[in-house]
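Contents: one structure, followed by commentary.
Derivation of every value follows stated rules applied to the coordinates shown; laboratory data play no part. Values in this document were obtained by computation on a predicted structure and should not be read as measured data. Neighbour counts run over all protein chains shown; Cβ positions are idealised from the backbone, glycine included.
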Amino acid sequence: MLKKFYKLFPFVLVFSFIFISTASALTVPAGWYNYSVAGTSFSAKACDRPEGAFSGTKNCIADIVTNSALDKVDVSYSDQDLGQTLKLYKDTTSVSTNLLVTSSSNTCTPSTPCVYKDKPSWSASTGLKTRQYIVNDETTDSSAAIYNITLSYAPIGITGLVDGANFTWGNSLPLNKTVNITCTNATNMTLDGVSVGTKNGYTITYPFTNTNSSTNTITKTIVCTNIGGTTNQQTRTFNLPGQISGTITATNCTIANGASTCNSTVSWNTINPGSTISQVTSNYPSAGTVISNTNTNSQSIAIPYSSRAFFLYNGGAKLDEATAVATCATGTSWNAYQGKCTPAPTTTLTGANCTIALGANSCTTTINWSVTNPAGTTAVTSNYPAANTSIGTTHTGSASGVTIPYASRSFWLYNGGVQKATLTVNAQCSSGQWNASLGKCAVVCPTALNQVPSSSGTSCVCNPSTYVKDSTGFCHAPCVDSTWNETTRTCTAPVPSISAAGCTILGNANSCNTTLTWSMTNPVGPTAVTSNYPTANTSIGTTHTGSINIAIPYSSRAFFLYNNSIERAKVIPTATCINGTNWNGSVCACPADTTWDATSKTCKPVIPSLTAPNCTILGNANSCNTTVTWSVTNPISSTALTSNLPAANTVLSTANSGTLTQSVPYSSRSFYLYNNNIERKVVTTSATCITGTTWNGSTCACPAGHLWNATSKTCNKMTGTLTPSATTCSIAAGASSCNVNLAWNTTNPIGTSAVTSPTNDAGTLISTTVATGNTGTKSVAIPYSTRTFFLYNSSIQLASTTVKATCVSGSSWDATAKKCSLPSGTITAPNCTIAYGASNCNTTLTWNTVNPIGTSAVTSNLPAANTTVATGNSGSVTAAVYYPTRSFYLYNNAVERAQITANSTCNPANRTVWDGSKCACPATAPIWDATNGYCRKECYFDQNWNPATNQCENKCAQGLVYVPATDSCENINRQPICTWKDMTFKDVSCDILSYPCSDGTRSTFNVVHQNSAQNKTIQSANSTYQSPNQFLWQDGQLRYDYVCPNNTWTATALKRPYTHFVTFEVSAGQVRKDSTINLSWNVQLPNASCKIVGTSLKDGREMFNSANYQKIRDNLTTPITSVTPGSLNYSRVGDHESLMSGYLKVSESMRFTASCVDTGYSKGYSQLVRDVYVIDEADR
C-alpha cells in the first residue's frame, strides 16, 4: 500500500539541507534521516522513491522525465542558529558563486527555509545525472556539508495486448487481428525504424494489425526511447496461419424480470476466408435462421429462455459454433404460463373464523385469495358441501357469504394445477355447544335434572316432555293424587288412619259408645270425616287429625275418611247385644223366657251348649265330618237339635245332650239347639279344603302344578331352579354384551319347561324363548345393564334370575354406538398471529371427551411441563401461545387422549419479525407506523415516507435538490458553469443546465456587466439555447450576470479554472456494507482549491472530506502510516497535476461531490457528483 501511494502521489522531489555549527543544538524533525559529514551534523529530507540505504550518497528514481520546467530538484536548507549567512555551492566548493542569494547575508531558519530550484542537464547517453550540493555558513567553525544525489529514469517496458488479453510473443496472430503494443516510461516508439504510436504522457501505444496472409512468420523490431535517449529494443515474431478457420462467441445473458428474452453479444471472425463470404445461422426461431452474411462482425441478438445456438459457416463447412445461455434474473424463474421470467408465484388465501349462533348449524365468512405471477390457471376449492367444490377461478378474488359448517371447512388454492395454499376456517358455537343429535348449536342442559335441549336448541325442556319441573329445576312425572317432595324427589301419597272399636249394647238399649280416632298424613286437600248415620254423609269432623266419643247403633255404623274429596279409609265398628239378649228390632232384649238383670248385666237364660268343630276336606273330596256335641242347662220344655242340611230344620236329635258325627259339605253346615221351641244355640261348622287345595266348585282340588297324594295327604308342588354361572359379567371394550352359562331344573314337572326373557340378546324389549326342556345349561348373552330370565312349566313361573352386565374397567357405555367404548377426545387450537411489540398471541382452545371416565384435564408444555390449562370433559377457553409454538394435551383417566400444537408467528402483513423476545420491526424496515399498523423503511434525509404509495419519496421535485441546512429545495446547477477555452484565459464557454426562469422552455438570456452603468447586453449566439454559450470576457471585468427576461432570477458567471477535474471516478455504484471502493481524481489547479466531500444519503452527515487527511486515513483499508502528506486541500501546489487514489471502506450509502473554490473571488461551486449505494440499505 505504501508503494501504491508513492506512485499515486508523485510529489515534487525536494532535498532539504540544514547546516548547524558544532556549538549548535540539533533538532531533527520526525521522518528525517541523520548523518554526519566532515564532523558537522545536519538533516536531509529523503526523496520520494529511494533505492538503497540512506547515506551521504542517495539514488532516486525520477518519474518526471521531460525537458520542461517540471524537471527540477528543489533544495531547501536552514540553520536554527539565527543571524548566519548560508551559502550553497554546486558540484564543488571552489565555485565562488552563492547559488542561493547574491546579497551579503541570508538568514535561513527552520520556519522560513531558503530554497534553490535546480534544473539538471540530463545526460543523453546514460539517462543519469549526479549532482553534488555543498552548504556552509561561512563561519570559522564551519565545515562543508556535502550531499550527492543520483537521479535515474524509470525502466522502459514493452507489452502487447490482443482483445484485451496479454499477448505471448511468438504465438499465432490471426489474419486481421490487432496486437496493441505499449511502451511505458518512454517518449518515442519506432517499428522497423518508423516512428509510430500515440503518446499519452510517457506511455505510447500502437495498434499493429496483421494483414499479411502470404507468409507464415513475420518479424518486427520495436524500439522505445526515453527523454535521455535510453532505448529498449526488442525483436518480436508473429506466426501467421494461412488455413481458413473461424471463431464465433456468444455471451450468456440474464433475462430481466418480466421479460422473455435478453441480448447476447454474438461475435465472429473468419481467418483466411478467401473469396467466400461466411454465414452465421441460428437454431431459433427455426433451424437455419440466417443471422448475417459477413466474415467478421459483432451483433446484439435476442436470446430466448434456456439457450440459442449460433453456427459459423464458410463455403458450406461449419467453422465454429457457440451457444448463448439465457437464464432468469436472480429471484425470478421461467414462467411458461406467461412466457417470461417472473418471480415465483406468491399467493394469499385468507378467511376469518366465524361463530355459529345458538340454534343454527353454520355461519358465513368471506374468503379472499390472490395469486401474483401466476404460473397457470387458478382455482379455489373446498371440501364442503362436497369434495372439490369450486369457490372461484380468478387469480384474485373474494367470495362472501361462504357457509362454514360446524366445526370447520377447508379451502385450497391451486395455480397451474399445483396446490399453493391451504386454509381451514373454524366454526364454533357462539354459546352452548354442538349437539350432534339436533345437528345444531344448542344450550347445555343438566341431564341430572332430566333436562335436554329443545328442538330449537335455544332452551332446556324436560325429558320426557310429559314431565314437569319443580322449583329446583328437576323434571319429574306428574304426581297423581299425591304430593311432590323436592327433598326426596318422590311422589308421596296421602296416608289415612281411622279407627273405632266395636261396642256392646246392654239389655234394653239400642246403641253403645265407642272412640273414633282419625289422622291424615301428606294430605293433598281438605280432610273430612263423615258417617252413614243418622243420614248419609253426616259430617263428623274436618280436621286432618281428631278423636271423638260417638254412639254406635245396633249392628254397626260406618265412618269415612276423605281427603281432597276422595275416600281414603273407612271403619265400621259393630254394636252387638250383650250376651243373653237379642235384638228385637228396637232394643237388645232378653229371651222371652228370661229377664234382664241390670246389676249383673245378664239375662237369666236357659243355658245351652252346642259345639261342632270345623273340619278339613281332603283332596278330591267335597265334605268332611265333624262331632256335634250339645247340652241344655236349665232346659225349658223339649230340646231339639236341628240342621239346615240336607234341608232346613232337619232334626238330628231331641235329647237334651249328646254327641253325633255329622257330614259337613264344603263351606259350612249349621246346627241349631232349640229349647221350649226357642232356638238356644246355633253353631255353624266350616268345612274348608285341606292346605294346598282349593275349592273348584265340586271338590277340593290341588292348585295348578300340584297333584294330590292320598298317603301323605298333601299336594305335591311342581318346582324349578334357574341359576346363572355368575350374577355379573364384564363387557369387553368394543362389544355390546358378555356371556354367562344359565342352568335350570324342574321338579315334579307337569309339562315341558321353557326358559324365557323379556328382552333379546341386544337388550330390546321383546319376549324371547331362550331354551326349552325340564333341565339343561346354555350360554346366554347379557346386554349392557341387566337381563332377567324366567323358568316356566305349564304356563307357571317356577323361577327367575337377573344377571348384570357392566363395561370392563377403563371403558364406559356408549348409548349411541350401543357398545362399551374407551374414552377418546379431540382438541383444537388454531394458529394465531402475534401483534407488534407482543411476545405471544391468544388462541381459542376447544376440547371434547367422548366416553369420559371421571373429569378430563387440558395441560400444556409451557410455561412448564404439565401446566394445567383447564379441567372438564369439554369446553373452550382462551390460551396464550408463546413464540413459536405451544402444545396442549387432553388427559382423561390419567391417559393422554389427544394433543394439538398451536403456532404463533409474527404478522407478515405488518412486516414484523421475531427479535428474540417479541415481534418487532426488522432492520430492513425498522420504523413502526402506528397509524397504518406496519413496519416501514427508514427514509433518507432527503425523502419523506408516503403511506399512500408505501414507499419513500423525494422531498424535492425533479430538478431540485434538498438542502438540510435550510430545509429547502433548490435548483440543481442554477449557476452558470463557465470554462476557459484555452490557457490564454480570454474566451469563456458558459452553460446553464436547468430552466431557471420557470417557464419550462429554453429561453434567451441577457448577459450584462456587473456595473449597472455599463450594462451591455450580449446577444445569444443560438436563440434555441438557454444562454449565450460563448463570448469574449472584457478586460477588467470581474464578472458577468445572467438575468431572466422577467427579472425573476440572476446568476453570476465567474472565471473558472481551465480544467478542474480531469478525472473523478468511483469504482462501484452499488456495494455491500463495509466493502471497499476505489476513489480517485485528477485535477489541475490554477487559481483554485478543490476537494472531494462524501455525505451520507441517509441523513446528510459528512463522512469523508479530502481536506481532512485523518478522516481519509481512518477509512482506508490499509492506512498510510509511514508518511504524512498533510492537508489534501491543495492550493496552487506548483503547476502540475495532483492525483489521489485509495481503497475506501463504505458502511452506508454516500454521495461524493467534487467541488472547487476560485481563490481569486472565493466563489465555490460543485461540479461533479457520484453516488455509491450500499445495497443493504438500497433495498429499503
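Structural remarks
- When the convex hull of its Cα atoms is projected in every direction, mean area for the range 686-836 (nm²): 16.0 nm²
- Shown for the range 250-314 is the translational diffusion coefficient from the Stokes-Einstein equation, using the Kirkwood radius over Cα pairs, a temperature of 20 °C and a viscosity of 1.002 mPa s: 171 µm²/s.
- In nm, spacing of pseudo-spin labels at residue 161 and residue 194 (7 Å Cα→C-beta vector): 2.4 nm
- Diffusion constant of the range 823-909 at 25 °C, which comes from Stokes-Einstein with the Kirkwood Cα-pair radius and 0.890 mPa s, µm²/s: 188 µm²/s
- Our analysis of the range 345-434 gives Rg over Rh at 1.03, with the two radii drawn from alpha carbon positions and Rh computed by the Kirkwood formula.
- A simple packing score, the average count of other Cβ atoms within 10 Å per residue, orders the peptides 703-712, 897-906 as 897-906, 703-712, with the highest score first.
- Computed E for residue 537/residue 660 - FRET, C-beta separation, R0 60 angstrom, nearest 0.05: 0.75
- Here the spin labels are modelled as points 7 Å beyond Cα on the Cα-Cβ line, and at residue 694 and residue 565 they lie 3.9 nm apart.
- For the range 635-653, backbone nitrogen atoms closer than 15 Å to the point 7 Å from residue 592 Cα along Cα-to-C-beta are found at 636-638.
- In range of the label at residue 389: residues from the range 408-438 whose backbone nitrogen is under 18 Å from the point 7 Å along Cα→Cβ: 408-414, 422-429
- R0 of 45 Å, Cβ-Cβ distance residue 372-residue 969: FRET efficiency to nearest 0.05: 0.80
- Förster radius 30 Å - calculated FRET efficiency between residue 761 and residue 469, Cβ distance, rounded to 0.05: 0.20
- Taken along the Cα-to-beta-carbon direction at a fixed 7 Å, the label points for residue 670 and residue 574 span 1.4 nm.
- Phi angles across the range 697-712 convert, under the Karplus curve 6.51 cos²θ - 1.76 cosθ + 1.60 with θ = phi - 60°, into 3J(HN,Hα) values of x, 9, 9, 8, 10, 5, x, 3, x, 10, 10, 7, 10, 5, 5, 8 Hz, Gly and Pro given as x.
- For the range 770-919, the equivalent ellipsoid derived from the Cα gyration tensor has semi-axes of 57, 12, 10 Å, listed largest first.
- Dividing the Cα radius of gyration of the range 346-389 by 2.2 N^0.38 Å, with N the residue count, gives 1.51.
- Residue separation of residue 728 and residue 795 scaled by 0.36 nm, minus their Cα-Cα distance, works out to 21.3 nm of gained length.
- With 0.36 nm allotted per residue and the present C-alpha distance subtracted, the residue 350-residue 330 stretch has 4.3 nm of extension available.
- Ellipsoid semi-axes for the range 718-795, based on the Cα gyration tensor and the rule √(5λ), read 25, 13, 8 Å when sorted largest first.
- Kirkwood analysis of the range 478-608, using all unique Cα-Cα pairs, places the hydrodynamic radius at 16.8 Å.
- Taking 0.36 nm per residue of separation and subtracting the Cα-Cα distance, full extension of the segment from residue 903 to residue 949 would add 13.3 nm.
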